[in-house]
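The following block contains the structure, expressed as structure tokens.
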């Protein structure tokens, strides 16, 4: 954080090992204090989101549950009901219920909003609708993924996740026992050796215990992120070992057809004189046909059908169920009903499979309740470690200033510099922010003496 | 020294901000389908009580088709007052199939070609007009896609 030549004067002469230790400590402290609020926020929203399915099952039971009867009405009739209720809306998605007690869902866009209409598939009648903006779990997800602040928020979350890795690495280096003196203070907290030691151990020891889980959550969450994640996905998809295109990033195939072969829909204003030849041609497949294709191809029952919005669009069957092995993305030609692409878990490359497992584990769905509880324990651990870390710093810090140890510049500690460079390359946002910190230090901290004193730089 | 560091830093930042993009042919690296393509040919105008021929030309993206596994034609009037059930079309060679029809009433009709080959199954649906459309039929068309009725499926 500091590059100034003054350090040589300021910091007491110590062995280079101690100096490196102080530099690592300094970085760990500043990174920790800066990213603590975000990490706590991510841990809290993550803890809630783990139980999304259970929470929504309770919140929306009036929309979800139907009494099973012998026969379901055709999808087209369900759409007619939606069309009657919202005459000017556009259907974008249809989700048949995954079992015989579950309603079907029709997602529509009206002029101003996106709604989900719940239909009883046995009567074809609406059970009510939800504004997709109002769904609390979607809000939680939005906070967790992008702080409800779009791209800027997405990058901030990614930055916090990447810096959490820096915190893990620097924390590990600070914790790593230099002499073997038993496991007290290493793997078990020393609670009866005075307040200072207890305070330190209550940050360090739990942090070590959760470090593996935290690293796992960060690494499995990063493929979602907008910058690191999208680049990662593009690189792995390009090698043939990632997700096939369109599952995560990339375009779906198109319904390849010349416009002249498609039947025109006459506008309401037109008279009977529409040229007959223009009305002759292929018509899009109906959702009834698409559901039959889905039944024929076999797909996990909680799938959704995305309805094409363009003349050359495709119907997309998509399902990301609790277990990665059940995932599927199927693209269907809008006019012929031909399966243009059919990507299952088995068709993912090896990296794609690993990432898919990572994501279901991250969401806590792969192994059900045990998975959820394990992830919850890690989240609660993160909150505890962050708070105990902040408490430790608050209690130790002098009244004036940050209380960071005076330490040599990053550039002067070869081994730690190397670690930071590697992290900065693997996680470019870390690299950019290290550069930003360095610029801040060079242009402001080193030039304004009061700031310099405050940072103990 | 510092200027050089600054230069290196900016080069580093620019190079990582220029994101990687997906190859346009990336799909070729993964599982491929061989979707059957059907082109339907019919006369520009069809009169009632007149015999006309419907033709389907089947192709596949990678190889040319000789004879497909099955090709059936099915025709119905939009209100299902007339319904000619699925029937095997005549094979003319090189993926070309045809069938003759004669329809007694004017109006809005559909032809559905049920075809399958090498695991790809398609059912393109062609809208066509015999003689003139009634006003009611035109209004139906204006309402958008014609509603589904359980018709063709029971013949499977």
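Being touching a residue at least 12 places away in the same chain (Cβ under 8 Å) and more than 34 Å from the chain's Cα centre (by Cα) is the filter here; which residues of segment A:395-410 pass it?
A:395, A:400, A:401, A:403, A:405, A:406, A:407, A:408, A:409
Among the numbered conditions (1) at pLDDT below 90; (2) more than 14 Å from every other protein chain (Cβ to nearest Cβ); (3) touching a helix residue (DSSP H, G or I) at 6+ places or on another chain (Cβ under 6 Å), tell me where residue A:224 comes up short.
Unmet for residue A:224, out of (1) at pLDDT below 90; (2) more than 14 Å from every other protein chain (Cβ to nearest Cβ); (3) touching a helix residue (DSSP H, G or I) at 6+ places or on another chain (Cβ under 6 Å): (3).
With the structure loaded, tell me whether residue A:163 is within 14 Å of chain B (Cβ to nearest Cβ) and surrounded by 19 or more Cβ atoms within 10 Å (Cβ to Cβ) or whether it fails that test.
no
Quick one: which strands (runs of 3 or more DSSP E) lie wholly within segment B:96-148 and hold at least 2 residues that are more than 7 Å from chain A (Cβ to nearest Cβ) and either surrounded by 16 or more Cβ atoms within 10 Å (Cβ to Cβ) or touching a residue at least 24 places away in the same chain (Cβ under 8 Å) (or both)?
B:96-102, B:107-117
Give me the residue from segment A:320-340 that is within 14 Å of another protein chain (Cβ to nearest Cβ) and under 19 Å from residue A:301 (Cα atoms) and, out of that set, surrounded by the most Cβ atoms within 10 Å (Cβ to Cβ).
If we take residues in segment A:320-340 being within 14 Å of another protein chain (Cβ to nearest Cβ) and under 19 Å from residue A:301 (Cα atoms), then A:332 is surrounded by the most Cβ atoms within 10 Å (Cβ to Cβ).
Considering only segment B:14-32, I want to know if a residue exists there that is free of Cβ contacts under 8 Å to residues at least 40 places away in the same chain, within 17 Å of the chain's Cα centre (by Cα) and surrounded by 15 or more Cβ atoms within 10 Å (Cβ to Cβ).
Scanning segment B:14-32, I find no residue that is free of Cβ contacts under 8 Å to residues at least 40 places away in the same chain, within 17 Å of the chain's Cα centre (by Cα) and surrounded by 15 or more Cβ atoms within 10 Å (Cβ to Cβ), so the answer is no.
Given the conditions (1) more than 13 Å from every other protein chain (Cβ to nearest Cβ); (2) touching a strand residue (DSSP E or B) at 6+ places or on another chain (Cβ under 7 Å); (3) without any contact (Cβ under 8 Å) to a residue 60 or more places away in the chain; (4) surrounded by fewer than 18 Cβ atoms within 10 Å (Cβ to Cβ), report the number of the one that residue A:310 does not fulfil.
In the conditions (1) more than 13 Å from every other protein chain (Cβ to nearest Cβ); (2) touching a strand residue (DSSP E or B) at 6+ places or on another chain (Cβ under 7 Å); (3) without any contact (Cβ under 8 Å) to a residue 60 or more places away in the chain; (4) surrounded by fewer than 18 Cβ atoms within 10 Å (Cβ to Cβ), residue A:310 misses (2) alone.
For segment B:27-51, enumerate the residues that are part of a loop (DSSP other than H, G, I, E, B), more than 9 Å from every other protein chain (Cβ to nearest Cβ) and farther than 30 Å from residue A:234 by Cβ.
B:43, B:47, B:48, B:49, B:50
For segment A:406-438, give me each residue that is surrounded by fewer than 15 Cβ atoms within 10 Å (Cβ to Cβ) and closer than 24 Å to residue A:454 by Cα.
Answer for segment A:406-438, where residues must be surrounded by fewer than 15 Cβ atoms within 10 Å (Cβ to Cβ) and closer than 24 Å to residue A:454 by Cα: A:411, A:436.
Among the candidates A:252, A:234, which residue alone is facing chain B (nearest Cβ under 8 Å), out of contact with any helix residue (DSSP H, G or I) (no Cβ under 7 Å at 6 or more places or on another chain), under 30 Å from residue A:151 (Cα atoms) and modelled with pLDDT of 90 or more?
After ruling out the rest, the residue left standing is A:234.
Looking only at segment A:409-452, count how many residues are within 19 Å of residue A:219 (Cβ to Cβ) and either outside any helix (DSSP H, G or I) or facing another protein chain (nearest Cβ under 10 Å) (or both).
6
The values are calculated or read from the model by the stated rules, or taken from the named source; none is laboratory data. Quick caveat, the model's predicted, so the values are computed rather than measured. Glycine also receives a Cβ, built like all others from the backbone with ideal geometry; neighbour counts cover every protein chain displayed.
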